[in-house]
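Written out below as structure tokens is the structure these notes cover.
The values are calculated or read from the model by the stated rules, or taken from the named source; none is laboratory data. Everything quoted here is computed from the prediction, not taken from an experiment. Cβ placement follows ideal geometry from the backbone for every residue including glycine, while neighbour counts extend to all protein chains displayed.
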Amino acid sequence: MITHFLGMEVARQLNALGADVLAVVTEIRLRTDKPMILSLKQMNSGGSRRNTMTSDYRPSVNDITETIERVSRHSYYAFESELAQGYITLPGGHRVGVAGQAVVEGGIVKAWRHIGSLTIRVAHSVRGCANEVLPIIYADKCFHNTMIISPPGFGKTTLLRDIVRQISDGGLTVGLVDERSEVAGCYQGIPQNDVGIRTDVLDACPKAEGMVMLLRAMAPNVVAVDELGGEKDASAVEQVLNAGVKLLCTAHGYGLEDVRGNPALARLMERGAFERFIVPGTACGVRNSGFDVGDSECGKKRWRVVDGC
Amino acid sequence: MLMRLAGAAAVVCGAAALGFYYAAQEAQRALDLLEFKKALMVLSSEIEYMRTPLPVAAVNIGKRAERWVGPMFTRFGELLALSEGETAYQVWMKVITEVKDGTHLAQEDWKVVEGFGKTLGYLDRQMQQNAIRYAVDYIDEKAAGLQQQADKNRKMYRSLGIIGGLLLAVVLW
């Protein structure tokens, strides 16, 4: 349970809310001296909105510091590089984002002097959420190079995880580069989330290096990677495709146009690197109503698959 | 007469054993300290090269270290992994109270061991390494002094034990 990784007072306050609330928490926001705010998955009436809940509890500086010590598993030194990027991943793939006063050296954030807010995003594996899209991207033992595009919090990582699990169990060897430990949620190198029986995970490994390493070392049928974006990533993707290995990846955006706006990814698209794009279906109203991204039950979100050819 | 002789021999032997025991005690304290230093050196490389999280590093050290240090680190790692809401320092102090009696360390040594616990859990790599170095420096200095002193005192305690035993036997005769 996630409260195991939090400071004593924060855990106590959360536990006081009761098990049924904790079971549907998707996000916990802690800010020094400000009320704790929770996002909850709405379970009843098939509603399509996320609930938020503002608690009376205001974490003190000490509560935040204690929570930092515990989320870093008493090993701040071990998570320096992750923290410098603004987050720590917990066993189970939950991600804790931090914000505060940065210590900058040579233009790069090296550490945090004071951490004032924490956002804890609770990972949810949704088995079977890829059922609808799977026949379109993986048919007749042939996997099509696929990119999942969606805004943050919509469930692309969840979908990626389920696709990886299903194609891996279905017979393809998958090499997964899990730079932020979100997909497989590795703890001490062992995936905590089910990512299939034929999946090799490069945990906490930079994407570009990881993709090339997998090619050389693990002979995968499919390389899976979360959140492509940079120039380096794109050239690694080219190497993967040149080697005849299939690719499954995700990118931030609301649709194809957003991805075309990223020069590195646009180049790949021009090259015809992707055969399938999975984008949020219009039915769930992403375009129409801004950030109201619908129910968190991934299966109900009705993804749309666009043919890239 | 025979009984007297046997009694006198027992007194001499007992006193001599006491002398040997004291001579050994001083060296034990140095050995206890040096074992802790060994654990700290392993911790230092676990941090520097592997970035091993503290609970795992502690259990790893516990497997390799001897004397009081092995069980202490194993216990520390296990409690830390299971702890609910406690800080590393709180767990460290809890473990110290458990193992304290079985060691030869002096009060001033415990101050350093406890002080080291205060640095655990929230420091970045460089600061954690500095904290380790501080503790290791203390141990090096202390252990060297103890060793020297022990060498000097060993002979004294032993002869004191034997001579004291003989004296007591003569007086009691």
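Just a few scattered comments:
Rundown of residues vs (1) modelled with pLDDT under 95; (2) under 17 Å from the mean Cα position of the chain (by Cα); (3) surrounded by 23 or more Cβ atoms within 10 Å (Cβ to Cβ); (4) at positive phi, yes/no style:
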site	(1), (2), (3), (4)
A:Asp162	yes, yes, yes, no
A:Gly171	yes, no, no, yes
A:Glu179	yes, yes, no, no
A:Val183	yes, yes, yes, no
A:Tyr187	yes, yes, no, no
A:Ile190	yes, no, no, no
A:Val195	yes, yes, yes, no
A:Asp203	yes, yes, no, no
A:Pro206	yes, yes, no, no
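- Within the range B:111-155, the set of residues being within 11 Å of chain A (Cβ to nearest Cβ), polar (S, T, N, Q) and under 22 Å from B:Ala30 (Cα atoms) is empty.
- Selection status of B:Asp101, closer than 20 Å to B:Met41 by Cβ, among the acidic types (Asp, Glu), part of a helix (DSSP H, G or I) and more than 8 Å from chain A (Cβ to nearest Cβ): no
Rundown of residues vs (1) of a type outside the set (A, V, I, L, M); (2) assigned to a helix (DSSP H, G or I), yes/no style:
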| residue | (1), (2) |
| --- | --- |
| B:Asp109 | yes, yes |
| B:Val113 | no, yes |
| B:Gly121 | yes, no |
| B:Asn130 | yes, yes |
| B:Lys152 | yes, yes |
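- Residues within the range A:229-245 that are assigned to a loop (DSSP other than H, G, I, E, B) and modelled with pLDDT of 90 or more, tallied: 3
- Residues that are within 18 Å of A:Gly116 (Cα to Cα) and within 7 Å of another protein chain (Cβ to nearest Cβ), drawn from the range A:71-94: A:Tyr76, A:Glu80
- Residue match in the range A:121-144 (condition: among the aliphatic types (A, V, I, L, M), at pLDDT 85 or above, surrounded by 20 or more Cβ atoms within 10 Å (Cβ to Cβ) and part of a strand (DSSP E or B)): no
- Residues of the range B:48-79 satisfying the condition of being assigned to a helix (DSSP H, G or I), facing another protein chain (nearest Cβ under 10 Å) and either surrounded by fewer than 22 Cβ atoms within 10 Å (Cβ to Cβ) or at pLDDT below 90 (or both): B:Glu48, B:Met50, B:Pro55, B:Val56
- Identity of the residue in the range B:134-168, under 18 Å from B:Glu35 (Cβ atoms) and of a type in the set (D, E, K, R), that ends up surrounded by the fewest Cβ atoms within 10 Å (Cβ to Cβ): B:Glu141
- Restricting the range A:2-29 to residues that are at the interface with chain B (Cβ under 10 Å from one of its Cβ atoms) and either of a type in the set (A, V, I, L, M) or on the phi > 0 side of the Ramachandran plot (or both), the residue that is surrounded by the most Cβ atoms within 10 Å (Cβ to Cβ): A:Leu6
- If you filter the range A:95-111 down to residues that are more than 12 Å from A:Arg31 (Cα to Cα), of a type in the set (Val, Ile, Thr) and in contact (Cβ under 8 Å) with a residue 12 or more places away in the chain, you find that the one that is nearest to the other protein chains (Cβ to nearest Cβ) is A:Val109.
- Restricting the range B:24-39 to residues that are surrounded by fewer than 20 Cβ atoms within 10 Å (Cβ to Cβ) and not charged (D, E, K, R), the residue that is nearest to the other protein chains (Cβ to nearest Cβ) is B:Leu34.
- Of A:Gly116, A:Gly100, all but one fail to be farther than 15 Å from B:Tyr122 by Cα and touching a His at 6+ places or on another chain (Cβ under 6 Å); the exception is A:Gly100.
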